[in-house]
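Below is one structure, written out as structure tokens; the observations come after it.
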Amino acid sequence: MGIIIMKINNLGYLLKEGVRGIFLHGFMSFAAVCVTVACLLIVGSFSCLTYNVSIMVEDLNKTNEVLVYVDETLPEAEARSIGAKISTLENVFDREFITREDALKDFIADHEGDESFSGVEASDLRHRFRVVLVDNALMRETVEELQNIPGVAKVSASYELAEGFTTLQKVLQIVSVAVIGVLLVVSLLIISNTVKLAMYDRRDEIAIMKMVGATNGFIRLPFVVEGFTLGMLGAGVAFGLEWFLYDLLLARLAEVDTLKLFDFVPFEQLLLPMVITFTAAGLFVGIVGSWTSIRKFLNV
Amino acid sequence: MIEFNNVVKSYSVGNKALKGVSMQIEDGEFAFLVGPSGSGKSTIIKLITGELKPTSGTVHVNGYSLDRIRKREIPYMRRTVGVVFQDFRLIENKTVYENVAFVMRAIGAREREIRDRVPYVLELVGLDTKSRRHPGELSGGEQQRLAIARALVNNPSTIIADEPTGNLDPARSLEIMSLLMEINNLGTTMLVVTHARDLVERFPKRVIAIDEGLIISDGMDGYYHYEDQ
Ligand SMILES: Nc1ncnc2c1ncn2[C@@H]1O[C@H](COP(=O)(O)OP(=O)(O)OP(=O)(O)O)[C@@H](O)[C@H]1O
Ligand SMILES: [Mg+2]
């Protein structure tokens with residue numbers, strides 16, 4: 001309510017007072033910004049990692065396929081017709097029919113020069129569908145449904161990879177939330193302490209302000225401005241550093257990882273979520289940090 | 001208007017600082033509040049400024065009922081009461097001008113109002129030539145004038161001074177007291193706590209005498225019934 005009563009003409013005063021507090025405790029403010037930067041950097045890294053893993057899992061969803069083998073007694077035309085039934089399943093994203101002849105070509109290509117497979121013929125293999133799922137986390141259920149389709153002889157799927165990634169994603173999410181939570185609290189505390197110091201320094205002024213009838217909102221504002229500035233300063237520096245380090249990491253990875261095992265997206269693609277993450281973290285840490293520290297000084 | 005009705009204040013159980021005080025100070029009035037140390041004078045002032053709440057009884061200050069005022073109304077009530085302390089309570093690292101301007105800003109005054117009002121108030125208390133000094137560069141009397149200017153600047157309808165001359169020599173004390181009279185003549189209700197018997201006797205004003213938490217005399221004759229220590 002104090003904020004609403006505030007007139008625009010006090011804005012300059014508030015900003016000046018808020019920034020003055022930062023310089024009054026130059027070292028403490030510097031330390032607070034450093035700790036905030038360190039915390040937000042780790043928070044940002046976890047966000048980047050989580051985001052990348054979720055993109056990887058999504059990509060994996062599209063490449064990790066299930067093979068549906070058709071009963072070898074069915075002629076090709078009938079085998080093909082099973083495709084329609086496969087498509088009716090909810091979790092099926094895409095399907096592709098592969099004749100036993102095509103399968104043999106692939107097989108030979110995969111086992112070139114291997115004597116033990118030289119006698120394999122097309123008739124030894126089955127017609128099959130290559131099926132891509134919408135969500136690999138539901139792979140087991142979908143495989144069971146596929147097996148129940150008449151004419152399907154066998155379904156082969158590699159659960160390990162799909163479930164491994166899904167588990168990794170879940171673990172990462174939980175760890176991220178925990179780490180982010182802890183580090184936000186750490187930055188909150190350090191900013192809160194810096195603002196407390198500024199308030200303690202000016203307790204006489206605050207006492208006089210209270211005495212002449214300043215509202216709590218008005219007394220609080222310069223300190224919230226101070227906390228906000230510290231928080232945003234930390235967020236800004238952390239954001240720049242994050243960008244720099246991320247690009248550095250990507251460049252290094254490109255040198256070492258010639259196999260392209262890790263397909264990290266460029267930072268530019270993360271820009272919007274990262275800007276939002278850092279701004280929100282900076283705001284939260286700055287404003288909540290100062291707000292909570294002010295309470296006890298206002299009880300006069 | 002300040003009105004106390006049968007006010008009891010105890011800081012701890014069974015120990016009453018005020019034992020049933022009733023008094024009324026009209027708008028524009030000047031009153032001294034006298035009494036020995038520990039008699040309850042500061043307690044009365046804190047009840048008027050809303051720092052304390054009465055244990056029982058009612059306190060009315062300029063239209064606010066302080067015994068049941070809401071917390072967020074207290075700032076607005078305080079704007080009607082200026083307070084001057086014996087120990088001045090000035091901000092050392094602000095200039096004379098800033099010490100006064102600061103309390104105008106505290107209640108959201110515009111810069112233009114501040115530029116108009118502060119010099120006027122400083123002139124009224126005789127500090128217009130020293131506006132750039134710091135409190136440490138002022139004499140005791142000048143510091144008290146500054147404290148009065150600060151209490152005055154937001155144009156409160158009432159000014160309360162708790163031993164405003166306690167730290168000053170007799171000549172300075174007389175000057176300060178005259179200044180408070182002058183301000184009272186401009187229409188501000190004035191309640192002055194003091195130990196200085198000779199000062200009180202010099203001015204034919206109402207004197208409220210308190211002892212051990214009770215009002216023992218209240219009159220216009222300037223005489224008060226307690227033996228100063
Ligand atoms: N915060 C407190 N806690 C407990 N008792 C208090 C407190 N403040 C004052 N008292 C007691 O209340 C009584 C009145 O105190 P008060 O400060 O009102 O006296 P006073 O008239 O202002 O004295 P002085 O002239 O010395 O300033 C005293 O007995 C004092 O000990
Ligand atoms: Mg006292």
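Taking amide H positions as modeled 1.01 Å from N, with prolines and chain starts lacking one, the residues under 5 Å from B:Glu29 and 5 or more places away or on another chain are B:Met190. Counting only trypsin sites (Lys or Arg not before Pro) that sit in a DSSP loop (anything but H, G, I, E, B) with at most 11 other Cβ atoms within 10 Å, what is the longest stretch of chain A containing none of them? Value returned for the longest uninterrupted segment is A:8-259. Of all DSSP beta bridges confined to the protein assembly as shown, the antiparallel ones make up roughly 65%.
For the listed residue pairs B:Lys16/B:Lys53; A:Lys196/B:Lys46; B:Lys94/B:Lys130; A:Lys210/B:Lys16; B:Lys16/B:Lys41, the alpha carbons are over 18 angstrom apart in A:Lys196/B:Lys46; A:Lys210/B:Lys16. Among A:Ile108, A:Ile191, A:Ile22, the largest mean-square fluctuation in a Gaussian network model of chain A (Cα springs under 10 Å) belongs to A:Ile108.
Taking the Cα centre of the range A:52-151 as origin and assigning +1 to Lys and Arg Cβ atoms and -1 to Asp and Glu Cβ atoms, the resulting dipole is close to 320 debye.
Our coupling estimate for the range B:54-59, obtained by passing each phi through the Karplus curve with A = 6.51, B = -1.76, C = 1.60 and θ = phi - 60°, is x, 5, 8, x, 10, 10 Hz, Gly and Pro reported as x. Estimated purely from DSSP H runs of n ≥ 4, each contributing -39500 (n - 2.57), the mean residue ellipticity at 222 nm for chain A is -23500 deg cm²/dmol once divided by its residues. In the range A:159-268, Cα pairs under 8 Å separated by at least six residues give a relative contact order of 20 percent. For chain B, the relative contact order is 28 percent, taking Cα pairs closer than 8 Å that sit 6 or more residues apart in sequence and dividing their mean separation by the residue count. Normalised by the number of residues in the range A:65-157, the average gap of Cα pairs under 8 Å and 6 or more apart makes the relative contact order 52 percent. Comparing A:Thr50, A:Phe129, A:Gly119 along the charge dipole axis of chain A, the residue lying farthest to the positive side is A:Thr50, per the Cβ-charge model.
Read-outs: derived from the displayed coordinates by stated rules, not from any lab. In this text the structure is predicted, and so the values were computed from the model without any measurement. Positions of Cβ are backbone-derived with ideal geometry, glycine not excepted, and every protein chain shown enters the neighbour counts.
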